[in-house]
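No lab work stands behind these numbers, since they all come straight from the coordinates. Bear in mind the structure is a predicted one, so any value in this text is a computation, not a measurement. Don't worry about glycine lacking a Cβ; one is built from the backbone with ideal geometry, like all the others, and counts go over all protein chains shown.
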Amino acid sequence: MRNNVNSILEKIARKARATAPLAARCPTLPYSGDGKTWQPAPFDGNSWWTGGFWPGALWLLYTVTGDEAFRAEALRGEDLLTAEFRAFNRLNHDVGFMYLLSCGANYRLTGSAQARTDCLHAASLLMGRFNPAGFIRAWNEPERVGYAIIDCMMNLSLLFWATAETGDPRFAHVAKVHADTTLRDFLRPDGSVAHIVEFDPETGAKVREHAGQGYALGSAWSRGQAWGLYGFAMAYANTGDKRYLDAAKAIADFFIAHIRPDGLTDCDFLQPKESRRLDNIAGACGASGLLELHRLTGENRYREAAERLVDGLIDRCCDLDAASCGLLTHCTASYHDDAAGVHINIVYGDFFLIEALLKLSGRDAKLWYSREASAL
Ligand code: GLY
């Protein structure tokens, strides 16, 4: 690793001390920093799926600094998110991202009984999206009743957490059924994964794939590869099922083979050669997932690949200026749809970069782990 991880983390904490108070003045959670200000999510206010990453990043910084201002702002974010339980019809399978990183982190780090209750509430909402034909429904539009997406692999951690917390195996059973479906119907022989698979909601049979946020049908949306790699690694950590580890390793090999020489990450690994579209969120999330694989297997090649990614991000796409909102630059929400941001700062890029840095410094808070799996 070329960069000094602890010194970068100190700079990030200094920056957060200066910029978090600016977020506290807004009624909406930050989605993107544009220098002087924080911008809200482009759709659905605080119900937008990214809301948990702001409190999550602050909890991560709290674990290394003990700074009460970070805790207070994370709790403010959590209150905004739990208010969204009332807007039930706007929530979707991404309640895992939203509530595990807010209420779940709070409960893990402070023991708050209310946060535990709220996190179990979120787990029950995710359970309610399970179609016993074999998958967790992703989104709410009536025409997408049979859609499942690779991103959901990350949300399964909320279900594993709930089973460990309550002793009720139903949550983990559902997570395993969904992971098995993903293994069967998303993972390709070359180690890449599809973004969206549509199932027959009555029989569970695979109907077709959809292109989603990547370049094209059959391509390899880089963030989707990161979700799959990290999600299967966590499914293995939470179950010990070796098939999930093998899937994570296959996706990791594909991901590693596509890391650019400069350590940055193309938006889609199969985009046209002349395309210059980057998505550094994929690089940050991929790095954190690779570090998880390193922890689970002891194989150094995963750590080396993660270090190449993190060095690339820090050298070229990291805004460490304490006066400016937003850390990671050149984040892209979707290859074709520019509405949620192209080559901008986006909050979950910041979260995964901080998480990867904490793993590299040996101080990971293990926010995706159930209590039982935390011993790993
Ligand atoms: N979960 C949606 C995304 O990765 O953009």
Taking the alpha-carbon distance from LYS36 and a cut-off under 20 Å, which aspartates and glutamates remain once sequence neighbours fewer than 8 residues away in the same chain are dropped? GLU73, ASP319, ASP321, ASP350
Lone cysteines in the chain, defined as no other cysteine's Cβ under 4.7 Å from theirs: which are they? CYS26, CYS152, CYS267, CYS285, CYS317, CYS318, CYS325, CYS331
If you take the Cα atoms of region 234-368, find Rg, then find the Kirkwood Rh from the mean of 1/r over all pairs, what is Rg/Rh? 0.97
Which of GLY218, PRO189, HIS121 sits farthest toward the positive end of the charge dipole of region 115-226, with +1 on the Cβ of Lys and Arg and -1 on the Cβ of Asp and Glu? PRO189
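Using the Cα gyration tensor of the chain, with a ≥ b ≥ c the square roots of its eigenvalues, what is the shape: rounded (a/c below 1.5), prolate (a/b larger than b/c) or oblate (neither)? Display every interim value, and only then the final one.
Working: a/c = 1.32, a/b = 1.12, b/c = 1.18.
Rounded, because the longest to shortest axis ratio a/c is under 1.5.
Computed over the Cα atoms, what is the radius of gyration of region 306-373 divided by 2.2 N^0.38 Å, N being its residue count?
On the way: Rg = 14.0 Å, N = 68, 2.2 N^0.38 = 10.9 Å.
That works out to 1.28 for region 306-373.
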Along region 229-240, what does the Karplus equation 6.51 cos²θ - 1.76 cosθ + 1.60 (θ = phi - 60°) give for ³J(HN,Hα), rounded to whole Hz, x for Gly and Pro? 4, 5, x, 5, 4, 5, 4, 5, 4, 8, 10, x
Cβ density ranking, 10 Å radius, fewest first, applied to ARG129, ARG277 yields ARG277, ARG129
Can you compute the charge dipole magnitude of the chain about its Cα centre, using +1 on each Lys and Arg Cβ and -1 on each Asp and Glu Cβ, nothing else charged? Give it in debye, rounded to the nearest 20. 560
Taking every alpha carbon pair in region 334-376 and sorting the distances into 10 angstrom bins from 0 up to the bin holding the longest one, the percent per bin comes out as 23, 35, 24, 16, 1
